[in-house]
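Values in this text are rule-based calculations from the coordinates and carry no lab data. This structure is a prediction, so every number in the text was calculated from the model and none was measured. Neighbour counts are summed over all protein chains in view; Cβ atoms, including those assigned to glycine, are modelled from backbone coordinates with ideal geometry.
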Amino acid sequence: MIEGDHTLASVTDKIGDVTLKKRTPFHWFIGFGIAFMIAQALLFATVWLLANGIGIWGNNQPVGWAFDIINFVWWIGIGHAGTLISAILLLLNQKWRTSINRFAEAMTLFAVACAAMFPLLHTGRPWLAAYWLFPYPNTMGIWPNFRSPLIWDVFAVSTYATVSALFWYVGLIPDFATLRDRAKNKYFRFVYAALSWGWRGSARHWHRYEITYLILAGISTPLVLSVHSIVSFDFSVSQVPGWHATIFPPYFVAGAVFAGFAMVLILCIPLRRWYRMEEFITHTHLVFMAKVMLATGLIVVYGYAMEGFFGWYSASEYEVFMVKNRIWEGPYWWSYWLLIFCNGLSIQLLWFKRFRESEFWLFLISIIVSVGMWLERFVIIVTSLHRDFLPSSWAMYSPSFWDITMFTGTIGFFFTLIYLFVRFVPIISMFEVRQLLDEQQANEIHELEHKA
Amino acid sequence: MAEFDTAAQLVVAARKMREAGYTKTDAFSPYPIHEIDEALGIKKSILPFMILAGGIAGLLSGLALVFYVHVLDYPIIVGGRAHFSLPAFIPPMFELTILFAAATAVLGMLFLNGLPSPYHPVFNVPRFALASREKFFLLIEAKDENYDYAATKSFVEGLGAQEVFDVDE
């Protein structure tokens, strides 16, 4: 899994020096600058929203949910691959997770931060969301309704954000200690010392540390599956044709992992080049990720087929109408076929070794998949709502300038955070890479014992 | 405190040290080594039970919360469901279970490890900075029953260490 002739020291130096010693590369400033400028769009759109209310957005009856929930589901789905890599692959003892788990977890955190903004801001008055969303005892005697999927969502997403942050931080403690010991600059040393909580690598500490890490992985696994299931309940618990389907939870979870792996590839292909990390994030890693993407993509395609089947099998005229309207009769037919192209057809290239092993094609397919997963939510939400039970209330939906500005702004915000992360935090988990190298040394112990 | 080059040497030395009767000992390594637990005689931590208790506390507090809100404080029929409609309450209860268990895991680990501890005598040894990079260290505390400066020092020097240091308090 790790190429090249590496020792414990060289691994540590190579990864740690990106943060501590190397001059910040020029392209970092360019990339960060662009991302930070785009992030200003978010600030702009948010201020305008708070000043004027959610009327500035394009959603209205009958499409009462649009960009806000599309973007929310898209972002939170992207986050899922990070937890999958860090938790589920740890439990499955997949060694290849080691080089990519750190920034995949960072990606999770930042994606969840972007996601959480939409439900919060779509309330229009987020400062009142404290008692709309959380069970906080207030003088008005108002409680949230715990039977509502929207409140389940609040619990799921806030728990997910907290547990992901804890998991990420626990993984970082030994690495911050390494940076503390290696930093020459006294301010940096102070900050990393504070962040590492005085970690000294004691055997007793490692013993409890490993228990914590493993149990966190164990409880994050059902958590990550529950989060996107609960997000899908927002739709499937309702009775809107096109939403009310039992396939939703597994199909959403697979879609989330699919979108998330696409984003991991988008981030790691340039990252390994820029920081010369090809020895840690090898071709094998990229190929494995491509395979996971192909597998989850096929589950998602199965989900599309099942949606059509459910519509027909329900024998409900509304469901049948919805399927026809979504796929060929309605005005949004193009979005459905674009979705099939992005998520269904483009990934078929990954069956072939030539495409799987080409960074260019992987990067391109990942971008197409990210667009496709956004379109998936657009199709589910807009085509189901725009023609519902009452023909008199049918209408078309189009996003406003503010919808688009805000969405673009979150992308800028996400990449701003990614750039900061790359600059100040080790992008690959140093202690886990060292542990991977140790496997050879475990054999050595046995040899020594034989001699003794 | 003795410095070693590899994990294997550390484990072998730790076993010898335990056989020699030292108990107030510790090892430091740049990554977790499983063999060291047995070599130093580290007991299994109670942490998993604390986490289980945390999870159960989360589940019960979730149940108490929904029960208080929907049955005791403000019983109102929504969507034709019973006041105590357990299936609909599973998601919040589940999420609180996870939240409490995860928080217990992390805080419990830090608490049992005595972290944060910005100062520790081992940091006084300049070479100890390498413990987070590539070197392995073994420590015998002066508090140990069998500790005797000269005897312990010659014992440690016989372990095949790279170098032996005195750690100042």
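Numbers at a glance
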item: Some residue of region B:64-80 being in contact with a Lys or Arg (Cβ under 9 Å, 6 or more places away or on another chain), surrounded by fewer than 22 Cβ atoms within 10 Å (Cβ to Cβ), without any contact (Cβ under 8 Å) to a residue 24 or more places away in the chain and within 10 Å of chain A (Cβ to nearest Cβ); result: yes
item: Whichever residue in region A:1-20 is touching a residue at least 40 places away in the same chain (Cβ under 8 Å) and outside any helix (DSSP H, G or I) and, among such residues, is farthest from the other protein chains (Cβ to nearest Cβ); result: A:GLU3
item: Count of region B:92-123 residues which are more than 28 Å from A:SER148 (Cα to Cα), facing another protein chain (nearest Cβ under 7 Å) and under 17 Å from the mean Cα position of the chain (by Cα); result: 11
item: Filter pass, A:TYR187 being assigned to a helix (DSSP H, G or I), within 24 Å of B:PRO121 (Cα to Cα) and more than 8 Å from chain B (Cβ to nearest Cβ); result: yes
item: Checking A:PHE155 against (1) farther than 26 Å from A:THR282 by Cβ; (2) over 16 Å from the mean Cα position of the chain (by Cα); (3) within 14 Å of chain B (Cβ to nearest Cβ); (4) surrounded by fewer than 17 Cβ atoms within 10 Å (Cβ to Cβ), the condition it does not meet; result: (4)
item: Count - residues of region B:114-158 that are acidic (Asp, Glu), more than 28 Å from A:LEU195 (Cα to Cα) and not in a helix (DSSP H, G or I); result: 3
item: Every residue from region B:43-60 that is surrounded by 15 or more Cβ atoms within 10 Å (Cβ to Cβ) and within 11 Å of chain A (Cβ to nearest Cβ); result: B:SER45, B:LEU47, B:PRO48, B:MET50, B:ILE51, B:GLY54, B:GLY55, B:GLY58
item: Every pair of residues 6+ apart whose Cβ atoms lie under 6 Å, when the first sits in region B:144-169 and is farther than 23 Å from B:ASP5 by Cα while the second is not polar (S, T, N, Q); result: B:ASP144/B:TYR22; B:ASP144/B:LYS24; B:ASN146/B:GLY21; B:ASN146/B:TYR22; B:GLU169/B:PRO121
item: Conditions (1) within 30 Å of B:ILE42 (Cα to Cα); (2) assigned to a loop (DSSP other than H, G, I, E, B): number failed by A:TRP243; result: (1)
item: Count - residues of region B:3-35 that are more than 10 Å from chain A (Cβ to nearest Cβ), surrounded by 23 or more Cβ atoms within 10 Å (Cβ to Cβ) and small (Gly, Ala, Ser); result: 0
item: B:LEU40 vs. criteria more than 30 Å from B:HIS120 (Cα to Cα) and either within 9 Å of another protein chain (Cβ to nearest Cβ) or among the hydrophobic types (A, V, I, L, M, F, W, C) (or both); result: no
item: Number of the exception - A:ARG272 against (1) crowded, with 21+ Cβ neighbours inside 10 Å; (2) over 27 Å from A:ASP5 (Cβ atoms); (3) not hydrophobic (A, V, I, L, M, F, W, C); result: (2)
item: Hits in region B:133-147 (condition: among the charged types (D, E, K, R), in contact with a strand residue (DSSP E or B) (Cβ under 8 Å, 6 or more places away or on another chain) and within 9 Å of another protein chain (Cβ to nearest Cβ)); result: B:LYS135
item: Qualifying residue in region A:187-209 (condition: in contact (Cβ under 8 Å) with a residue 60 or more places away in the chain and either crowded, with 22+ Cβ neighbours inside 10 Å or at negative phi (or both)); result: yes
item: Sole exception among (1) crowded, with 17+ Cβ neighbours inside 10 Å; (2) without any contact (Cβ under 8 Å) to a residue 60 or more places away in the chain; (3) closer than 22 Å to A:SER158 by Cβ for B:ASN113, by number; result: (3)
item: Selected residue [in contact (Cβ under 8 Å) with a residue 40 or more places away in the chain, within 13 Å of chain B (Cβ to nearest Cβ), of a type in the set (Ser, Thr, Tyr) and surrounded by fewer than 21 Cβ atoms within 10 Å (Cβ to Cβ)] from A:THR221, A:THR178; result: A:THR221
item: Unmet criterion (only one of (1) away from chain B (no Cβ under 14 Å); (2) within 20 Å of the chain's Cα centre (by Cα)) for A:ALA41; result: (2)
item: Test: residue in region A:166-175 that is facing another protein chain (nearest Cβ under 8 Å), under 30 Å from B:TYR68 (Cβ atoms) and assigned to a helix (DSSP H, G or I); result: yes
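Residue by residue, here is whether (1) away from every other protein chain (no Cβ under 14 Å); (2) of a type outside the set (A, V, I, L, M, F, W, C) holds:
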| residue | (1), (2) |
| --- | --- |
| A:ILE85 | yes, no |
| A:THR98 | no, yes |
| A:PHE110 | yes, no |
| A:ALA113 | yes, no |
| A:MET117 | yes, no |
| A:ALA130 | yes, no |
| A:TRP143 | no, no |
| A:PHE146 | no, no |
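Here is a yes/no grid of residues against (1) touching a Leu at 6+ places or on another chain (Cβ under 8 Å); (2) closer than 30 Å to A:THR282 by Cβ:
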residue	(1), (2)
A:GLN348	no, yes
A:TRP351	yes, yes
A:PHE363	yes, yes
A:ILE367	no, yes
A:MET373	no, yes
A:ARG387	no, no
A:LEU390	no, no
A:SER393	no, no
